[in-house]
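Only the coordinates and a few stated rules stand behind these numbers; no lab work does. This one's a predicted model, so the numbers in the text were calculated from it and none came from an experiment.
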Amino acid sequence: MWTDRQGHERFATARAIDICESGIRVQVPEALPERSFVRLRADKIGLAGSASVRSCIKKGTKFLVGLEFSGGMRWKRPAAVKTQAAPVETPLPVAR
């Protein structure tokens, strides 16, 4: 969830492309303003909290958004998950 420039709350389902301890890259259907804040939640990977938009790049008909976790939020790989080169592909509702 995020608030657009007109002050309206917006919601989008995002696809996680890459994740690390301090941030996540997601694919979304619309651009998010850089330096804005979003609220996000991904139950499958145990992630919930806020993040700031660090980058937003148009790729085809979608946008790749780099988010930096804020408020002390960190992600840790669950012990049962094997380390792989393939990206995490969990749909995420992105919130700002």
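Expressed as a whole percent, how much of the Cα-Cα distance distribution for region 2-73 exceeds 14 Å? That tail contains 57 percent of the Cα-Cα pairs.
Counting only aspartates and glutamates at least 8 places from Lys62 when in the same chain, those with an alpha carbon closer than 14 Å to its own are Glu30.
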